[in-house]
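Let me begin by presenting the structure, written as structure tokens, before commenting on it.
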Amino acid sequence: SFQILAVQKNLNLSFASTKKKSFVWLDRNKTEKIVYNLLSNAIKYSHPKGDILVDWWESENEFFLSVSDTGIGMSTEEKNRIFERFYRAKSSEIESGHGIGLTLVKGLTELQHGTSWSSVLRSLQRFW
């Protein structure tokens, strides 16, 4: 479980939502892969004692899922390329990887008629 991995790395993993339940039409398998990739990256690239927040909310006909972390971060230029296949930010070279996880996230999100994006706010990295 991700909670066990977070505890092993001394990370604070929390979940937030304004609702207890939400009814949305999503492909469960695709959505699980999206969440798995985002959480894996957040844990992999966060420093010990860092924070990871998974949040979701609705707005009329839209559903939002956000994974935020206080990890290593990236530059604006890197952020603009992060969903490209095989692209790896310079800061990510401290860990092994192939640069396909976020490309998969983007593709699976688009297959469900969604959009993926990343934002960087000070020491907070957020993937939507």
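Quick rundown of the values:
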read-out: In region 32-88, the residues that are farther than 16 Å from PHE2 by Cα, in a helix (DSSP H, G or I) and free of Cβ contacts under 8 Å to residues at least 24 places away in the same chain; value: GLU77, GLU78, ASN80, ARG81
read-out: Which listed residue is in contact with a helix residue (DSSP H, G or I) (Cβ under 7 Å, 6 or more places away or on another chain), among the aliphatic types (A, V, I, L, M) and within 19 Å of ALA16 (Cβ to Cβ), from ILE43, ILE82, ILE72; value: ILE43
read-out: Hits in region 7-31 (condition: out of contact with any helix residue (DSSP H, G or I) (no Cβ under 6 Å at 6 or more places or on another chain) and either of a type in the set (A, V, I, L, M) or part of a helix (DSSP H, G or I) (or both)); value: VAL7, GLN8, LEU11, ALA16, VAL24, LEU26, ARG28, ASN29, THR31
read-out: Candidate set: region 6-26, residues that are among the hydrophobic types (A, V, I, L, M, F, W, C), open to solvent by less than 80 Å² (accessible area, probe 1.4 Å) and closer than 16 Å to SER46 by Cβ; chosen: the one nearest to the chain's Cα centre (by Cα); value: LEU13
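The values are calculated or read from the model by the stated rules, or taken from the named source; none is laboratory data. What you see is a predicted model; the values in this text were computed from it and never measured. Positions of Cβ are backbone-derived with ideal geometry, glycine not excepted, and every protein chain shown enters the neighbour counts. Only protein heavy atoms, including side chains, enter the accessible area calculation; ligands, DNA and RNA are left aside. Shrake-Rupley method; radii C 1.70, N 1.55, O 1.52, S 1.80 Å.
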